[in-house]
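**Q** To start, I am sharing the structure in question, which I have written as structure tokens.
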Amino acid sequence: MQTPGWMRRPTAFLSSGAGSGAAGDGDAQGGAAPDGAAQGTAAPGTAVQDTAVQDTAVQDIAVQAADTQAADTQAADTQAADTGGGSTGGGNTDTAGSRRTKIALLAVGGVGVLVVAGVTIGTLGAGGSTSRTTAVSDHDSSGAQAGVAAPLRVVSVTQGGAVTRTNGASPIRVTLSAPLASNSPMPAVHPATAGSWAKTGSTLTFTPSAPFWPGSRVRVTIPAGGSGLRSAAGGVLATTVTQRFTTQHWSTLRLKQMLAQLGYLPLKWAPQNPAAMQPDNIPTELSAMYSPPAGTFTWKKGYPSVLTSFWGGRSSLIMQGAIRAFQSNKGLTMTGVMTPALWRDVVRAAAAGKANPNGYSYALARKSSPETLTVWHNGHVILHTLANTGIPVAPTADGTFPVYLRYRFQIMSGTNPDGSHYADPVSFVAYFNGGDAVHYFPRGFYGSPQSLGCVELPLAQAQHVWPFLTYGTLVTVR
């Protein structure tokens, strides 16, 4: 095949710096060093001569490329003849059966020669002295790169579908951007709580063995990095995620239900569905605290109607007396105020079925003539007797108050209205309002105002009723 003339006559440009020749020229010329080191300051005539040599080298390269193309074509023709003239997918096919395009980049003293599929193109270089030849195949040389797993993300963390005032009996759900690997670690729950994690798709569910106590501060920590959560595709969290919850507060309604069931109230409570399973352990009691069961309160028979006026509201007198009674039975300071520790004690007592050992009592002192005291216990009148209340200058205050202090015997001292001092021995004492108490005091008769504010009883009656006037018992004076 004859090489076209334009391929044998590449254009040469005169450069002030001579290169070291095409790749491989150094071997043909004895490995000459780059011109900058070998020539120093060469004369202009030498530069022209070098350019001529370069032209010859470029021409030789072009001819050699053309010859190579001719050889490739002949090899393709031979292969076609051997296969019976069958097509291999293109006219330009090498002996390996794959189509390739060869690119040679030659920089010679500022002259670049680009050979593409046997075609030589002369280009003007930037005068660099380095020569290089690059061969590029049209096959995809990059290959299929391994896919990089997308980072794992936390979409949401909830308890019972909420993030504030959560239901402590509900599971905790962590929703992720992708399913977890089978051997991925799980989030951590604080305070440490017995329970189990389950995976469903991209959702993790933690079910506690027992509900969190109301008012608990719960923290869910989802670790990041190599030791943290890992998706099935290998993605990890970029940063650790922490979600905090505060569970709902205690239910006053459930407190009333429990105290009624334990006998601390003059009411009974019955569930709406008697066949339904009732709380009988701490987990079920806590669940009921978050979702009090439907039911009905009914008054126990035998108590006076005036007692019903003290029921209802968040801080009813009946509830204050019941709380004091419970505190007394637990050996606690009687405040009538619920604290987190006291809530826990009531839940435990309800779970264990520890009823009020003293029953429910109520006392009513009437200042109408004759003055009397009537006491009910568990719906029955156990005492109705004449009594003395305070004289006009030191009257017994009207109202309803819980018993807060009791003595079997005491020296009661104070100041009389005339300024004199007294110190009197008294028995079977039950204080209900400041210095006012129900107790025995010897008098010639009873049924009229004679005391300095106390409710005085005859000895036998005082002795009989004292065991029933326990801590928290409401005493009404009217």
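**Q** How high is the relative contact order of the range 361-477, in percent, counting Cα pairs under 8 Å that sit 6 or more residues apart?
**A** Working: 292 pairs, mean separation 41.3, N = 117.
So the answer I get is 35 percent.
**Q** Continuing with the same structure: Please turn the phi angles of the range 468-478 into ³J(HN,Hα) values with the Karplus equation 6.51 cos²θ - 1.76 cosθ + 1.60 (θ = phi - 60°), one per residue in order, whole Hz, x for glycine and proline.
**A** Ordered by residue, 3J(HN,Hα) equals 8, 8, 7, 4, x, 5, 7, 10, 9, 10, 8 Hz.
**Q** For a quick check: sort F297, F206 by the number of other beta carbons within 10 angstrom, fewest at the front.
**A** Ordered from fewest to most neighbouring Cβ atoms within 10 Å, F297, F206 come out as F297, F206.
**Q** Compute and list, largest first, the equivalent-ellipsoid semi-axes of the range 154-246 from the alpha carbon gyration tensor, each √(5λ) rounded to a whole angstrom.
**A** Listed largest to smallest, the semi-axes of the range 154-246 are 23, 13, 12 Å.
**Q** Sort 155-164, 248-257 for me by packing, meaning the mean count of neighbouring Cβ atoms within 10 Å per residue, highest on top.
**A** Peptide ranking by packing, descending: 248-257, 155-164.
**Q** State the Cα centre-to-centre distance between the range 227-241 and the range 404-478 in whole Å.
**A** That distance is 73 Å.
**Q** Quick one: divide the alpha-carbon radius of gyration of the range 252-352 by 2.2 N^0.38 Å and tell me what you get.
**A** 1.06
**Q** At 7 Å along Cα-to-Cβ for each site, give me the label-to-label distance between K330 and S309 in nm.
**A** A separation of 3.2 nm, rounded to one decimal place.
**Q** Would you kindly state how much longer the chain becomes between K268 and T239 on full extension, computed as 0.36 nm times their sequence separation minus their alpha carbon distance, in nm to one decimal?
**A** Details: separation 29, 0.36 × 29 = 10.44 nm, distance 5.45 nm.
Between K268 and T239, full extension yields an extra 5.0 nm.
**Q** For each of Y422, Y446, Y360, count neighbouring Cβ atoms within 10 Å of the residue's Cβ, then give the residues from fewest to most.
**A** Y422, Y446, Y360
**Q** Another question, if that's okay. What order do you get for T396, T247, T175 when you list them from fewest to most C-beta neighbours inside 10 Å?
**A** Numbers: T396 22, T247 25, T175 15.
Ordered by Cβ neighbours within 10 Å, fewest first: T175, T396, T247.
Computed from the coordinates by the stated procedures, all read-outs in this text should not be read as laboratory data. What you see is a predicted model; the values in this text were computed from it and never measured. Neighbour counts are summed over all protein chains in view; Cβ atoms, including those assigned to glycine, are modelled from backbone coordinates with ideal geometry.
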